[in-house]
């Protein structure tokens, strides 16, 4: 088909899409359908008209629809009502067998914990910890066995328990990424712990007192943990058994639905923590009232998560779960455009996702070597001088080694970060061997400068590394795109950044805050969860623990640095377009050429 015929055939449809995007309120379904159709047209144009204006037009229109998809409907209170009255019960009924497996595993573990505590009194201390058991025995001797619930003021206890239980629930859910086995392991451990804890009071003839105190809040709290485990199993189920979907598509469905299950129990987690912080401590309340409250909580759990979903199903009022998969959008990222900071970050994330395989293939040996180096360092140095801030200390040792670190940590971190800074440009190295000497020298000076700053303070060294690497990446982009000398690169970087310093900071600051959030959340969920599982099964020394955590830090950091490189690349073209308008000039020339 000729290009003119293709345009005449579809121009009315494209005009409809332009009108759709200009509306103040956009129907999400219509926008989704427009995205599917425009990407089909874009694929056709890429194949038959790769260098024509219509491809650039369709690519721009597809990007506009893509970025609008996530921002089509304002928040509405009725959406929350619909979620808890229809969506969540529908999910619970759909995955009732998966949730039943989660419940059975927990109950089996609870019985095993009680049985083991009955036959081996030392088993309780191995699970609950000798310090906790000794403290509880002292409380029993004082005549207040539930004093542990009175050790803090109510408000502090409420917030502390809420954060802890949310962390445990998120960790239990995320461990479903390990084919569901991680979620089962955490459920099993928690079940054993609850069984040991309850039977410990049975052995001390305090069953009634302990039952009325523990299950006052535990009825809802334990139910939430079981549902979080079921949500993780949903992810593992879709990952292992994709059915007619491609595995990634099935994983996307399972991840979305598992996350919805997890989000549905977050208010209940907060409510259970409120009960534990403000009510469990009042052990003088009549036993009948406490028992009635436990039965009320149990009735709510069974009614909402068992009876109500079944009634919706029986009456045909369940919400249809969407199974359609939005096509993966791999746009030709338009470089010659002036972009806002959020657009720059979005394009950098897309480019980072497309090159993720390159980073992993190039750098996994360095992560392992770095873990070995840190493990050897701690083995030789003994106990960490910073036991209370292990994460911050390890992050500092890896990203900004101090004078106390040994030479092999400096060597390995230097190798790691040089790869992080240069892997994106390896294809250019293959065709530009003669131009790499200056880059090697500049990289060496960069690493020496970073070490110099790190001697003053690990935190300062980390911040300087981020700042210097961002500027260094910007220069690498110029060096790669403009094929000039390194001295001219530095002059060119100053020329582009001087009028755009605000945009440079405006793009990097939100990205940095997002990365810090992802880093700490993943550390306290995935990393600590894996570490805990290994400790339960085969044991783990302090040296191995620090080595594994260092590998995790190196892995996440290298992914972040890759995104930083792509952000610098997007900023280079955006700043160049703002200063010189080279993209507009080329498009105008192309239009005249087409005429």
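Please state which one of 487, 514 is surrounded by fewer than 19 Cβ atoms within 10 Å (Cβ to Cβ), at pLDDT 70 or above and farther than 30 Å from residue 166 by Cα. It would help to see each step written out before you state the result.
Working: 514 fails: farther than 30 Å from residue 166 by Cα.
From the options 487, 514, the qualifying one is 487.
Okay, residues lined up against (1) under 21 Å from residue 263 (Cα atoms); (2) within 33 Å of the chain's Cα centre (by Cα); (3) modelled with pLDDT of 90 or more:
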residue: 168; (1), (2), (3): yes, yes, no
residue: 174; (1), (2), (3): yes, yes, no
residue: 182; (1), (2), (3): yes, yes, no
residue: 185; (1), (2), (3): no, yes, no
residue: 199; (1), (2), (3): no, no, no
residue: 205; (1), (2), (3): no, no, no
residue: 212; (1), (2), (3): no, no, no
residue: 219; (1), (2), (3): yes, yes, yes
residue: 227; (1), (2), (3): yes, yes, yes
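Filter region 88-105 for residues that are over 14 Å from residue 313 (Cβ atoms) and in contact (Cβ under 8 Å) with a residue 60 or more places away in the chain; which is surrounded by the most Cβ atoms within 10 Å (Cβ to Cβ)?
Here the answer is 102.
Does residue 345 meet the test of being within 30 Å of residue 41 (Cβ to Cβ), assigned by TED's automatic domain parsing to the domain that holds residue 551 and crowded, with 17+ Cβ neighbours inside 10 Å?
Criteria met by residue 345.
A quick yes/no check of all residues on (1) in contact with a helix residue (DSSP H, G or I) (Cβ under 9 Å, 6 or more places away or on another chain); (2) within 30 Å of residue 121 (Cβ to Cβ):
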{"position": "213", "(1), (2)": "yes, yes"}
{"position": "237", "(1), (2)": "yes, no"}
{"position": "256", "(1), (2)": "no, no"}
{"position": "260", "(1), (2)": "yes, no"}
{"position": "271", "(1), (2)": "yes, no"}
{"position": "277", "(1), (2)": "yes, no"}
{"position": "286", "(1), (2)": "no, no"}
{"position": "292", "(1), (2)": "no, no"}
{"position": "301", "(1), (2)": "yes, no"}
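List the helices (runs of 4 or more DSSP H) that sit entirely inside region 127-225 and contain at least 3 residues that are closer than 28 Å to residue 300 by Cβ.
The helices (runs of 4 or more DSSP H) meeting that bar are 154-174, 181-203.
The values are calculated or read from the model by the stated rules, or taken from the named source; none is laboratory data. Everything numeric in this text was worked out from a predicted model, so none of it was measured. Cβ sites come from the backbone with ideal geometry, for glycine too, and all protein chains shown count toward neighbours.
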